[in-house]
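Chemist: The following block contains the structure, expressed as structure tokens.
Please treat every number below as a calculation from the coordinates, not as lab data. Note that the coordinates shown come from a computational prediction; the quantities given were computed from them, not determined experimentally. Glycine gets a Cβ as well: all are built from the backbone with ideal geometry, and neighbour counts include every protein chain shown.
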Amino acid sequence: MTEELLRVEGLEAGYGAYKVLHGVSFDLSNGQNIGFFGPNGHGKTTLFETISGLIRQTAGKIIFDGTDITNASSDAIVEMGLVHVAQGNTLFPDMTVMEVLQLGAFPKRSRQKLRSNLDRAFSIFPRLTARRSSKCKTLSGGERQMLNLATGLMACPRLLILDEPTLGLSPRLKEELVRPISDIENSGVSLILVEQDLEFLLLLVQRLLLLNHGRITKRIDRQSEQVSHQEIMEEYFGVAVTHES
Amino acid sequence: MSLDAFTSVLLSGLVLSSLYALLASGLSLVWTTLGIFNFAHGVLMAVGAYVTWQISQSIGETYWIGYSIALMIVVMVMLGAVLEYVLIRPFYGNKNIVLVTVMTTLAGLTFLENGIQAVWGPRLKQLPPLIDGNISIHGLLTLSAHEAVIIVVSPLILIGLYYFLNYSIIGKSIRAVGQNQKAAKLMGINVSRSFILTFGLAAALTGIAGAFYGGLRLMNPTMGSEPLVKALIVVIFGGLGNISGTIAAAYLIGFLEAFLIYFIGLYWTPSLLFLFMIFVLIFRHEGLFGESARTTT
Ligand SMILES: Nc1ncnc2c1ncn2[C@@H]1O[C@H](COP(=O)(O)OP(=O)(O)O)[C@@H](O)[C@H]1O
Ligand SMILES: [Mg+2]
């Protein structure tokens, strides 16, 4: 029997009078990973910022590990182990890599594991080792993204939400992120991965949800249905896509 | 200028600098963390002095004034927290928060000033010195022991503040909130708690400056208004958002002021300090010790 980790029911949220999410429901079991994709501006970031308590929902429910977190504060949510690595997070410009990692272990549940988590972060992202005393604002886009992921890991997450970790990265740098993210999956942390890059997504998750105009319009389980990349692309773009190269 | 005059100017410069540094570091901390200027910051200096006086009256003047100062610090931390809650908190998320809080903190300033007047009356008061007597070094320079304590203890407090902000996890979380609130929240940092803590800390630093000052000169409800202007100069001059720059600038301005007073007198000194600041800002937009101005948001 799989134990439920996250359940989202009929979630609605937006910015003032502008509604972005129109009733989003999905769930996730412990140890399971899912991928979210969908065109730009259709509410992926809004969805996860609502789940992590940055934006208040106007309707619906969020249950994490059996606890209703619908109205919980963002720090209480992190403390429970739901950790969100935000899209394009520039972190703290005037702090060093080391300081940011230490702050990643701010939640009480992770403070005791500071040392071992630091070792783990540096072993997953060896590039950060050389940059440990550099300020964030001097990092390259790729390094900053690695620091973002590493900082998320410092909090001892039970569920890690990665919002477009490859945004703005070159194909080579994207490839460099596949290994660490699959390492994170293998370490037993559940993952929600948001990506525009379907190829990248398909390397890492089996279950896909398509968010379209603030609604989940397609659910694909690649383990039960044999859905090809081609079919997903067609679904995504609404037209047949021929593969070149 | 005789050696005697020189050392006495130097000493008064050191005393001024120490008080400015205490005052300005709190102002700077609030600016960096919350992004607002607290115009009620100066009056907190008077509040600190009067509260210390009240406590020392209540527990009895036979006790060393240091105990009253310690209790005053507790009161100031709480008062700072209350001020944040009443004057700033309702306006988070308001696009015009900087302007709105100019108004609310100015309101806080008048309330506190009138409050002091109402509670303690207009009669002038003075605090006893931290240590009695004078110190004389080789007969060359003489200063009161109280001034010596100010000169020695203030830097120690500031070093403590520096270590707290840079090496403790709570201090780091305060800096984090100042640099990126959203990222701080996502790391589990309670942003409102950081704001309250920052305000409390700033109020305590200012209260200490007030208690030091109250042992030096006569106290009155507006004793903090001129120092606030100086602290503002110091903070802008030192480079916004940079505590070590603020502290360095406090000492520079303090000495400059002491020498200006000696050479040209009290009358023109404030105007010249302003001119000096404007002149520096023309050539260094980011202040004397600031790094290049933020390019984004
Ligand atoms: N802070 C904001 N204020 C107002 N509207 C916003 C804000 N952030 C995003 N939006 C709008 O909400 C919609 C969804 O955006 P977002 O959740 O970022 O989508 P996605 O992550 O899928 O690209 C877009 O129309 C966007 O313009
Ligand atoms: Mg997004």
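Chemist: Based on the Cβ-Cβ distance from B:PHE274 to B:GLU226, what FRET efficiency comes out when R0 is 22 Å, to the nearest 0.05?
Modeler: 0.95
Chemist: Among B:SER271, A:SER29, which comes first, then next, by fewest other beta-carbon atoms within 10 Å? All intermediate terms of the calculation are to be shown ahead of the outcome.
Modeler: Details: B:SER271 11, A:SER29 14.
Sorted ascending by nearby Cβ count, the order is B:SER271, A:SER29.
Chemist: If a/c stays under 1.5 just call it rounded; otherwise compare a/b with b/c (prolate if a/b is bigger, oblate if not). Do that for chain A, with a ≥ b ≥ c from the square roots of the Cα gyration tensor eigenvalues. Kindly include the intermediate steps, with their values, before the conclusion.
Modeler: Details: a/c = 1.61, a/b = 1.22, b/c = 1.32.
It is oblate, given that a/c is not under 1.5 and a/b is not larger than b/c.
Chemist: So, one more: Just how large is the dipole of chain B about the Cα centre, in debye to the nearest 20, putting +1 at every Lys and Arg Cβ and -1 at every Asp and Glu Cβ?
Modeler: On the way: 13 positive and 10 negative charges, 195 e Å.
Dipole about the Cα centre, nearest 20: 940 debye.
Chemist: So what is the relative contact order of region B:40-191, in percent, for Cα pairs below 8 Å that sit 6 or more residues apart? Write out the running numbers ahead of the final one.
Modeler: Details: 90 pairs, mean separation 25.6, N = 152.
Here the relative contact order equals 17 percent.
Chemist: Which of the helices in chain A, when you take each full DSSP H run, stretch at least 18 Å along the axis at their Cα atoms and have an average Kyte-Doolittle score of -0.5 or higher?
Modeler: On the way: long enough: A:141-154 (20 Å, 0.01); A:171-186 (23 Å, -0.85).
Membrane-span-like by this criterion, though nothing is claimed about a membrane: A:141-154.
Chemist: Which value at 222 nm does chain B reach when only helices count, each DSSP H run of 4 or more adding -39,500 (n - 2.57), with the total divided by all residues and rounded to the nearest 500 deg cm²/dmol? Intermediate results must be reported in sequence, preceding the final value.
Modeler: On the way: 11 runs with 209 residues, N = 297.
Roughly -24000 deg cm²/dmol at 222 nm, from the helical runs in chain B.
Chemist: Shifting gears a bit: Region B:161-214: which trypsin sites (Lys or Arg not before Pro) are DSSP loop and have at most 13 other beta-carbon atoms within 10 angstrom? Before the final figure, lay out each step's value.
Modeler: Details: sites: B:LYS172, B:ARG175, B:LYS182, B:LYS185, B:ARG193; in loops: none.
For trypsin sites (Lys or Arg not before Pro) across region B:161-214 that sit outside H, G, I, E and B with at most 13 neighbouring Cβ atoms in 10 Å, the list is empty.
Chemist: Can you list residues from other chains, or at least 5 along the same chain, whose modelled amide H is less than 5 Å from the amide H of A:GLY35?
Modeler: A:LEU193, A:ARG207, A:LEU208, A:LEU209
Chemist: Mind putting a number on the dipole of the protein assembly as shown about its Cα centre? Charges go on the C-beta only, +1 for Lys and Arg and -1 for Asp and Glu, and I need it in Debye to the nearest 20.
Modeler: Working: 39 positive and 39 negative charges, 114 e Å.
Here the protein assembly as shown has a charge dipole of around 540 debye.
Chemist: Now a separate question. Net charge near A:VAL8: determine it from the other residues with C-beta under 12 Å of the C-beta of A:VAL8, scoring Lys and Arg +1 and Asp and Glu -1. Kindly include the intermediate steps, with their values, before the conclusion.
Modeler: Numbers: positive: A:ARG7, A:LYS61; negative: A:GLU4, A:GLU9, A:GLU12, A:ASP27, A:ASP68.
So the surrounding residues net to -3.
Chemist: For region A:120-194 and region B:243-291, what is the centre-to-centre distance using only Cα atoms, to the nearest Å?
Modeler: Measuring centre to centre over Cα atoms gives 45 Å.
Chemist: From Cα pairs below 8 angstrom and at least 6 apart in sequence, can you work out the relative contact order of chain B, rounded to a whole percent?
Modeler: Numbers: 439 pairs, mean separation 108.0, N = 297.
For chain B, the relative contact order is 36 percent.
Chemist: Which value, in Å³ per residue, describes the convex hull spanned by the Cα atoms of the protein assembly as shown?
Modeler: Working: hull volume 104.4 nm³, N = 542.
That works out to 193 Å³ per residue.
Chemist: Helix by helix, which DSSP H runs in chain B go 18 Å or more along their axis at the Cα atoms and have an average Kyte-Doolittle hydropathy of 1.6 or more? Mind dumping the intermediate values first?
Modeler: Details: long enough: B:3-34 (45 Å, 1.54); B:41-59 (27 Å, 0.81); B:65-83 (26 Å, 2.53); B:97-120 (33 Å, 1.43); B:145-167 (32 Å, 1.53); B:191-214 (34 Å, 1.32); B:225-238 (20 Å, 1.69); B:243-264 (30 Å, 1.87); B:269-283 (22 Å, 2.56).
Helices meeting the criterion: B:65-83, B:225-238, B:243-264, B:269-283.
Chemist: Among DSSP beta bridges lying fully in the protein assembly as shown, give the percent that are antiparallel, nearest 5.
Modeler: 60 percent
Chemist: Another question, then. Using the reciprocal of the averaged 1/r over all distinct C-alpha pairs, how large is the Kirkwood radius of chain B in Å? Write down the numbers at each step before the final one.
Modeler: On the way: mean 1/r = 0.0506 Å⁻¹.
Answer for chain B: a Kirkwood hydrodynamic radius of 19.8 Å.
Chemist: Can you sort B:MET76, B:MET45, A:MET98 so the residue with the fewest Cβ neighbours within 10 Å comes first? Write down the numbers at each step before the final one.
Modeler: On the way: B:MET76 26, B:MET45 31, A:MET98 15.
Listed from fewest to most nearby Cβ atoms, that is A:MET98, B:MET76, B:MET45.
Chemist: I would also like to ask the following. Please arrange A:CYS156, A:CYS136 by how many other C-beta atoms lie within 10 Å of their C-beta, fewest to most. Intermediate values should be presented prior to the final figure.
Modeler: Numbers: A:CYS156 17, A:CYS136 23.
Going from least to most buried by this count: A:CYS156, A:CYS136.
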